[in-house]
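Taking it in order: structure first as structure tokens, then the write-up.
The values are calculated or read from the model by the stated rules, or taken from the named source; none is laboratory data. None of these values were measured; they are calculated from a predicted model. Note that we place each Cβ from the backbone using ideal geometry, even for glycine, and neighbour counts take in every protein chain shown.
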Amino acid sequence: MSDRFDVLVIGAGVAGMSVVHSLYEQAPQLRVGMVTLQAPGQAGATPWAQGGVAVAWGDDDSPLLHSQDTLAAGAGLCRREAVDVLTSEGPQRIQELLDLGAHFDTHQDGTLELTREAAHQRRRVVHCGDASGREMARALARALPPGVELIYGQLTRIITQGSRVVGVQLDGSRSLASPQVVLATGGVGQLFAATTNPAGAEGQGLALAFEAGAQLRDLEFVQFHPTALAVQGTGANLPLLTEALRGEGARLIDESGEAFMSQYHQAAELAPRDVVAFALWQHRQRGHQTLLDARALPVAERFGQVHALCVKAGFDPATQPLPVTPAVHYHMGGVEVDLWGRTNVPGLWACGEVSSTGVHGANRLASNSLLEGLVFGHRVGQALAGADFRQATCLPAVPPIELRQDPLAMARVREILWSGLGLARSQQGMEKALAGLDRLRPRLLACGSTAHTVASLMLSSGLFRQESRGAHRRLDYTQTSPHWAGHTLLAPGQAAQLQSLTNKEAVADVVRTSVR
């Protein structure tokens, strides 16, 4: 098999598969490779998604209303143009999924059943029980174009020549040539002590894009899902209890049985995720337990995946409230891209959770992530069809990278980030975390890990933003300030800087970067 491709897509979740589907519609003659660690349909976080995909589908809904809710949740940092693209193109992407054979829940008359999640004005979440991501992944994978070549391996370097991409390195030694590389590598949850993300979600795409010269944006914004089941998970993983439970009436209570969320927000259980997660943290700081009471719901019938997770952990949601805790769920920051997924590095594209389109701002609206993967993955495929496919004559030599496991070092990284960049942050805590990472740096680099780079950049961005906004909650800067109504930008060789929407002021250099 030749090691030269027209396009390489790194990742086989909803975003990566959407790129391939769209690209083959436009340019079926191209040679496309998809790099993945697992088979399409099983790869990435997509099959783990429970709740569903938000889309303006109902007669009482519209893209405008969907945009309004997205902008409100994003706490002033959403890019309006990107939000409008998401909400206006979303219905067409869902129709395409249906045409591919996706089986979403319907009413008896055949119309799609819609549920409601936090911070949505309308019922607009299309779902398949509580295994919506799995069904979307199944439909996309089953219909993958036969011409796409699957390449099993781990991305370890984006190879550049001059200022542009010419290929990638896999597994620390194998090089593949391609003038166009699409990152769809997912999130960062496995860098934290508690997460709903699958194994492997360690932000490698962010580190390698940064190393290749790409600009990163808003890395401090990490969304904590309020209701992970508070049990001993496998490694950093905790079972997720979908937000749709609260959308259908489940209540958050404490050990006395009191429903406490109204103390923190007028929307109670349906407040934005950042509000609910921080309220759970505050309530626990006051000495209370936090539990989800879903006893009034038909969990076994309506939420089969949740029911199975609870039973496996020794709980019966029909008879007892479930202990819950916030856990890292989604990263709003990422590789900065335009409305078509282009980065500032020629030949490098990004979509899905690894990217920063501007859709999510400081706090993602529930169930917008799968839609973002569909919409912007499709747009990347469209734009790629007209890209430059001239190959480099030969790839530059790149040194091999030794890949090996250091579980103890990674466990320490997770503890450090959970403490320093968790639900409640401070300058002292983040500086302590950076110092702890520096001590781990030799061990992490020796095993080929990008964890030090990603974690250091995230902490530096958190130190830089001296306010509380959306998912970024600081105990030493508790207010949201118009002075910081802009994005934290990280470019290789430069300091973090505030791209202010109002005054363009220069700010202090607080970033410490470290790349391999």
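A few remarks follow.
- Val380 under 17 Å from Val165 (Cβ atoms) and part of a helix (DSSP H, G or I): yes
- Within the stretch 330-359, the set of residues being of a type in the set (D, E, K, R) and either more than 12 Å from Gly377 (Cα to Cα) or in contact with a Gly (Cβ under 7 Å, 6 or more places away or on another chain) (or both) comprises Glu336, Asp338, Glu353.
- Lone qualifier among Arg251, Arg246 - being within 20 Å of Trp48 (Cα to Cα), charged (D, E, K, R) and in contact with a strand residue (DSSP E or B) (Cβ under 8 Å, 6 or more places away or on another chain): Arg246
- Between Pro323, Pro317, the distinction of being over 22 Å from the mean Cα position of the chain (by Cα), buried (at least 18 other Cβ atoms within 10 Å of the Cβ) and modelled with pLDDT of 95 or more belongs to Pro317 only.
- Residues in the stretch 194-246 that are not in a loop (DSSP other than H, G, I, E, B) and not aromatic (Phe, Trp, Tyr): 22 in all.
Every residue, every condition in (1) surrounded by fewer than 24 Cβ atoms within 10 Å (Cβ to Cβ); (2) in contact (Cβ under 8 Å) with a residue 40 or more places away in the chain; (3) in the same structural domain as Pro272 (by TED's automatic domain parsing), yes or no:
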residue	(1), (2), (3)
Gln29	yes, no, no
Gln42	yes, yes, no
Ala54	no, yes, no
His66	no, yes, no
Cys78	no, yes, no
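- Qualifying residues in the stretch 118-144 (those that are part of a helix (DSSP H, G or I) and of a type in the set (A, V, I, L, M, F, W, C)) - the one nearest to Phe303 (Cα to Cα): Met136
- With respect to the conditions (1) over 12 Å from Leu229 (Cβ atoms); (2) not in a loop (DSSP other than H, G, I, E, B), Arg295 lacks only one, and its number is (2).
- Qualifying residue in the stretch 441-450 (condition: hydroxyl-bearing (Ser, Thr, Tyr), part of a helix (DSSP H, G or I) and either crowded, with 16+ Cβ neighbours inside 10 Å or under 20 Å from the mean Cα position of the chain (by Cα) (or both)): no
Here's the yes/no breakdown for (1) among the aliphatic types (A, V, I, L, M); (2) within 25 Å of Arg217 (Cβ to Cβ):
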site: Trp418; (1), (2): no, yes
site: Ala424; (1), (2): yes, yes
site: Asp438; (1), (2): no, yes
site: Ala446; (1), (2): yes, no
site: His452; (1), (2): no, yes
site: Ser456; (1), (2): no, yes
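Yes/no matrix, rows are residues, columns are (1) β-branched (Val, Ile, Thr); (2) part of a helix (DSSP H, G or I):
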position	(1), (2)
His307	no, yes
Cys310	no, yes
Gly314	no, no
Ala318	no, no
Thr325	yes, no
His329	no, no
Val335	yes, no
Asp338	no, no
Val345	yes, no
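- Residue satisfying all of: in the stretch 242-261; aliphatic (A, V, I, L, M) and at pLDDT 95 or above; nearest to Val299 (Cα to Cα) among these: Ala250
Let's see how each residue does on (1) in contact with a Phe, Trp or Tyr (Cβ under 9 Å, 6 or more places away or on another chain); (2) closer than 23 Å to Val126 by Cα; (3) not in a helix (DSSP H, G or I):
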{"residue": "Val359", "(1), (2), (3)": "yes, yes, yes"}
{"residue": "Arg364", "(1), (2), (3)": "yes, yes, yes"}
{"residue": "Leu370", "(1), (2), (3)": "no, yes, no"}
{"residue": "Gly386", "(1), (2), (3)": "no, no, yes"}
{"residue": "Arg390", "(1), (2), (3)": "no, no, yes"}
{"residue": "Ile401", "(1), (2), (3)": "no, no, yes"}
{"residue": "Gln405", "(1), (2), (3)": "no, no, yes"}
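- Per-region count, the stretch 258-272, residues free of Cβ contacts under 8 Å to residues at least 60 places away in the same chain and either among the acidic types (Asp, Glu) or in a loop (DSSP other than H, G, I, E, B) (or both): 5
- Count of the stretch 364-395 residues which are at pLDDT below 95, of a type in the set (S, T, N, Q) and either within 13 Å of Ala184 (Cα to Cα) or crowded, with 24+ Cβ neighbours inside 10 Å (or both): 1
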